[in-house]
Amino acid sequence: MKTLVILPAFLPVEDIKKTVNQIMPGIEIRTDMDFEKDDAEVVVITTFTQFGKNEIDKFPNLKFLQVSSTGYNNVDVKYLKSRNIILSNIPRANKDAVAEHVLAMVLAFLKNLIFFDKEIRSGNWPILTDSTELNGKIFGIIGMGAIGIKLVQRLIPFGPGIIYYDVKRLPAEDEELYGLIYMELDDVIRSSDILSIHLPLTEGTLNLFDDKHFSMMKDNAIFINTSRGEIMDENALVKAIKTKNIFAGIDVYSKEPPDFSSELFKLDNVIFSPHIAGVTIESQQRFLQETIGNLIKYTQGLEPLYQIKGEHQ
């Protein structure tokens, strides 16, 4: 059973090859798809490799596609299913990393770290500060899945009030355990001093944060998006930053790399990162371990874990 792994060139490919070949020798690993056809039955990709109809058709014998990441928006799931190809992702390996990234962005805003860094580098010594504390703030979370829970666990020692919305409300015992208050979506948006988005990309969440929802936010509130860029309307975000003094921590973009000529990148109230909230040394090790484990399961005739039944994430 031939297995082909396609990795982005910026990953430590040689190190990954050594690790994989120690466990499953003979697997081909490459950083491109510059070929017309390949007879691989199993293909492994990351979220950085587009895998639409044209790419899928390069593999006439494909039976199992493993996406070694949480998201799989780069995959034409509908066409994949039409060919009866199994699709799995790795949904939990980066949850701790994303939760910590959100917290880092929030604290950087509350403590004015970007401003102070610029001032010191300019030779200034600012005395007054309008830094604030997380204790007592209202922290809203939209989407209370695995990442949302990880974030809550890290927030509790800081002492904010935590409110949330999800299409599937948590059991009452979980709300009591974590001190969570459930509210409807619009109420969470209106009430939050800090708002963090943790939603899959679906037809219902596409451009969810538009002029209407950004206008509901408090003036000077913090908006963090580490989920999917398409969930927010970039023009609406720019307008909210300019008119309501919203602070935004943005890790994801509707197009990646984004259009750097966008007005968004000229604004001071924003912290950017290049879609790496879930990328740490530890999370990459977990992705690799779980990917290898799923490949072994499939090659041994067992059902792979985390099979995707829907079309979006």
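The values are calculated or read from the model by the stated rules, or taken from the named source; none is laboratory data. Please read all numbers here as calculations on a predicted model, not as lab measurements. Don't worry about glycine lacking a Cβ; one is built from the backbone with ideal geometry, like all the others, and counts go over all protein chains shown. Side chains included, ligands, DNA and RNA excluded: accessible areas come from the protein's heavy atoms. Shrake-Rupley method; radii C 1.70, N 1.55, O 1.52, S 1.80 Å.
Annotations for the structure displayed:
- Tally, over region 242-263, of residues that are within 14 Å of residue 109 (Cα to Cα) and hydrophobic (A, V, I, L, M, F, W, C): 4
- Among residues of region 259-313, those that are touching a residue at least 40 places away in the same chain (Cβ under 8 Å) and in a strand (DSSP E or B), counted: 2
- Some residue of region 191-200 being part of a loop (DSSP other than H, G, I, E, B), modelled with pLDDT of 95 or more and β-branched (Val, Ile, Thr): no
- Search result, residues across region 175-195 that are within 16 Å of residue 218 (Cα to Cα) and among the small types (Gly, Ala, Ser): 191, 192
- Looking only at region 216-256, and only at residues there that are part of a helix (DSSP H, G or I) and polar (S, T, N, Q), the one that is most open to solvent (accessible area, probe 1.4 Å): 235
- Of the criteria (1) assigned to a loop (DSSP other than H, G, I, E, B); (2) of a type in the set (Asp, Glu); (3) in contact (Cβ under 8 Å) with a residue 24 or more places away in the chain, which one residue 130 fails: (3)
- At least 1 residues being surrounded by fewer than 18 Cβ atoms within 10 Å (Cβ to Cβ) and at pLDDT below 95 is the threshold, and among the strands (runs of 3 or more DSSP E) wholly inside region 1-85 those reaching it are 28-30.
- Near pairs, Cβ below 7 angstrom, 6+ apart or cross-chain, from region 18-46 (within 16 Å of residue 7 (Cα to Cα)) to any residue that is open to solvent by 60 Å² or more (accessible area, probe 1.4 Å) and part of a loop (DSSP other than H, G, I, E, B): 31/9; 40/2; 40/61; 42/1; 42/63
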